[in-house]
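Notes to accompany the following structure.
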Amino acid sequence: IGVMYALGLTHPYMVWDMVCDSIVQSIQNSNAQADGDAGDSRGNSTLSVGRSVKIHGLRSERGRALNGKYGTIATELDGETGRHGVMLKGGRILAVKPGNL
């Protein structure tokens, strides 16, 4: 409690607000990073195996159904296809371009 007062946090709710603000900021930073660093225009990917991703921008009828789904990068970028293997919940693996993650 003494530390709280030393930091100017005179009420427990102030600590809770500070923690919540920190969590929200962390999530926003993570989302911004995920949206902005999937790859460059040449298909080079900065995504690594194990990273959580959200699928977006698919245009085919089957692809549109996958937009908004979350998955995990399961394979490194395939040099021939320019796609990562992305594992969805349930174990299904899709080949997806970095620009759609």
How much accessible surface does I93 have with a 1.4 Å probe, in Å² rounded to 10? 100
Normalised by the number of residues in segment 46-101, what is the relative contact order in percent for Cα pairs under 8 Å and 6+ residues apart? 31
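The values are calculated or read from the model by the stated rules, or taken from the named source; none is laboratory data. Bear in mind the structure is a predicted one, so any value in this text is a computation, not a measurement. Each accessible area value is taken on the protein alone, full model and side chains, heavy atoms only, with ligands, DNA and RNA left out. Shrake-Rupley method; radii C 1.70, N 1.55, O 1.52, S 1.80 Å.
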